1. So, in segment 213-234, of the ones that are in a loop (DSSP other than H, G, I, E, B) and surrounded by fewer than 20 Cβ atoms within 10 Å (Cβ to Cβ), which residue ends up nearest to ligand 1 (Cβ to nearest atom)?
2. Would you check which residues across segment 350-383 are away from ligand 2 (no atom under 15 Å from the Cβ), more than 23 Å from ASN295 (Cβ to Cβ) and assigned to a helix (DSSP H, G or I) and list them?
3. I'm told GLN121 meets every condition in (1) away from ligand 2 (no atom under 16 Å from the Cβ); (2) touching a Gly at 6+ places or on another chain (Cβ under 7 Å); (3) within 30 Å of GLY72 (Cα to Cα) except one. Can you identify the failing condition by its number?
4. Of these, GLY237, GLY258, which one is surrounded by fewer than 18 Cβ atoms within 10 Å (Cβ to Cβ) and over 18 Å from VAL193 (Cα atoms)?
5. Which members of segment 227-253 meet the condition of being away from ligand 2 (no atom under 15 Å from the Cβ), hydrophobic (A, V, I, L, M, F, W, C) and within 16 Å of GLU320 (Cα to Cα)?
6. Which of the helices (runs of 4 or more DSSP H) found entirely inside segment 16-84 contain at least 2 residues meeting this: modelled with pLDDT of 95 or more and either basic (Lys, Arg) or under 22 Å from LYS310 (Cα atoms) (or both)?
7. Taking ALA382 as the residue in question, decide whether it is within 30 Å of ILE39 (Cα to Cα) and either modelled with pLDDT of 95 or more or within 16 Å of ligand 1 (Cβ to nearest atom) (or both).
8. Of everything in segment 130-142 that's more than 17 Å from the chain's Cα centre (by Cα) and either in contact (Cβ under 8 Å) with a residue 12 or more places away in the chain or in a loop (DSSP other than H, G, I, E, B) (or both), which residue is farthest from ligand 1 (Cβ to nearest atom)?
Amino acid sequence: LPPLDPQDIAGLNELLTEDEKAVADSVRRLCADRIDPYIGEWFERGEIPDIRGLAKELGELGVLGMHLEGYGCAGMSATQYGIACLELEATDSGLRSLVSVQGSLAMFAIWKWGSEEQKQQWLPRMAAGEAIGCFGLTEPDVGSDPASMRTRARRDGSDWVLDGRKMWITNGSVADVAVVWAQTDEGVRGFVVPTDTPGFSAPEIKHKLSLRASVTSELVLDGVRLPADAVLPEVTGLKGPLSCLNEARFGIVWGAVGAARSCLQAAQSYAAERTQFGKPISAFQLTQQKLVDMNLEYTKALLLAFHLGKRKDAGTLRPEQISLGKLNNVREALQICRTARTILGANGISLEYPVIRHMTNLESVLTYEGTSEMHTLILGQAMTGQSAFR
Ligand code: TGC
Ligand code: FAD
């Protein structure tokens, strides 16, 4: 029998193909060199210094829009994309957010629903990290129910004029381009808005105690005049933004497992080193129970991510299945982080260790991309045929 790896009791590393291992290794290397030594400090300061330089490095690595074909994108599999998300989020959910919003939301919207000109104009620069994108769906008064959005786009001659507010928008203040969803006479439409357009501004939201190493902003649209060709021509209706959410939610299914892995590993090594009552705390049954429960949920979450990855690569993954993965994996990852926090005792609340950072980050991840309640209702509807949203 092969030796047992205490960090991988179930032997899940063997599920990775050579190509998938190569993705994991290259992302892990960038994170280890460029981000891990500084991330606690960035989180404490509430900023990512040189985010533009970082975006370019992520572009060179090939992870921006990495599961898209053409236009300078890497054209990798869904599973490879998921593995990249896992490794990025093992460092910090804010880093995975930067990559998710760029590739799965802003780039995907243009790639899937944009005109050839929009794709040519934006996708190669976004894949290279030379242009940063954001995705504006949520508003101050509208989150879970985007059908009620108030931001409006009206026609004025051949132009479009946008008025409204978006809230909690990742990358907003640093974006070169915003994909903004607005109500029109025809239904919800998407607009590609260069952020230097007059009437557009993106003040940063401060005082967050979660995802502090991530830019979150309000988008203000005050008579933003856009040419006729700024609209995404290929979609009308909520399925436009919701199709993009499927992509980003899939990445979170994997990413959450990365945050959980970091906390599990931190707890495992801390428990081995910390001595109380004359023994390492890992020798106490209560600590072992916690480590084992964390490991069980981590293992199940990773298996689910692999399963959903296979379905996505086969083209058979349904949105309800993504909800199942997002709901389970974020919820369990958060529980793993909270349990890890207890094992570290007082050190569990210190940014000297990654645990409290991951734990507070996952509070946002539980809410964004559809709250745990929304995913519960999506699954409830799938199981019963009854919609309980309204
Ligand atoms: P409903 O009537 O069910 O559907 C309206 C139309 O949309 C279609 N549809 C979908 N299409 C593609 N993918 C999906 N997952 C879809 N779900 C629904 C549906 O077929 C229909 O199409 P059509 O052609 O018949 O009109 O819509 P509803 O108003 O009842 O809403 C359903 C609900 C509540 C599930 C949905 O609105 C929802 O998911 N709400 C949550 C909102 C949300 O997740 N917001 C996320 C904002 S972005 C973000 O958080 C980024 S965080 C980024 C980071 O930093 O990582
Ligand atoms: P609400 O929708 O007001 O919900 C409040 C509570 O009520 C939740 O618990 C919810 O589940 C519950 N609730 C609502 N309706 C029901 C119901 N029918 N039944 C039972 N319970 C219900 N959005 C973007 O568009 N782009 C981004 O880039 C982006 N980035 C984000 C980054 C961060 C750090 C955060 C925190 C959020 C981000 N969001 C973004 C917004 C995010 O998607 C929303 O916060 C989320 O969709 C929930 O909306 P809300 O906060 O308005 O909560």
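The values are calculated or read from the model by the stated rules, or taken from the named source; none is laboratory data. Here the structure is a predicted model, which means the values were calculated and not measured. Note: ideal-geometry Cβ built from the backbone for every residue, glycine included; neighbour counts use all protein chains shown.
1. GLU234
2. ALA382, MET383
3. Only one criterion in (1) away from ligand 2 (no atom under 16 Å from the Cβ); (2) touching a Gly at 6+ places or on another chain (Cβ under 7 Å); (3) within 30 Å of GLY72 (Cα to Cα) is unmet by GLN121, namely (2).
4. GLY237
5. PHE250, VAL253
6. 18-30, 51-61
7. So ALA382 fails the test.
8. GLU130
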